[in-house]
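The values are calculated or read from the model by the stated rules, or taken from the named source; none is laboratory data. Predicted, not measured: the structure shown is a model, and the values here were computed from it. All Cβ positions, even for glycine, are placed from backbone atoms using ideal geometry, and neighbour counts span all protein chains on display. Heavy atoms of the whole protein, side chains included, go into the accessibility calculation; ligands, DNA and RNA do not. Shrake-Rupley method; radii C 1.70, N 1.55, O 1.52, S 1.80 Å.
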Amino acid sequence: MNNLNGPFLAFLFPEVECRTLHFEQATYWIQHALLYIIPAYILRSGKSLQNCLKGISNVMLSAEPFCSYE
């Protein structure tokens, strides 16, 4: 969460005057808000950590990805 300075700066200094198509400004705000909401949801749910910890024991034995977000 410390590396999310891009969305923070986008909230402080929005560049929406050049977005003239329908819902383009709304899409800008929604996308930058989701950049904060999605990582917070993943961290609070704990599912990512559980899947990663299951995969640690089989790292040397399998060719599957280290973490699977199912």
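Some points to look at:
- Label sites at Ala40 and Phe13, each approximated as a point 7 angstrom past Cα along Cα to Cβ, lie 2.4 nm apart.
- Where His32, His22 fall by accessible area, highest first, once all protein chains stay in place (1.4 Å): His22, His32
- Exposure of Leu43 as accessible area (Å², to 10), given a probe of 1.4 Å and all protein chains: 120
- Ordered by 1.4 Å accessible area with all protein chains kept, Tyr41, Tyr28 run largest first as Tyr41, Tyr28.
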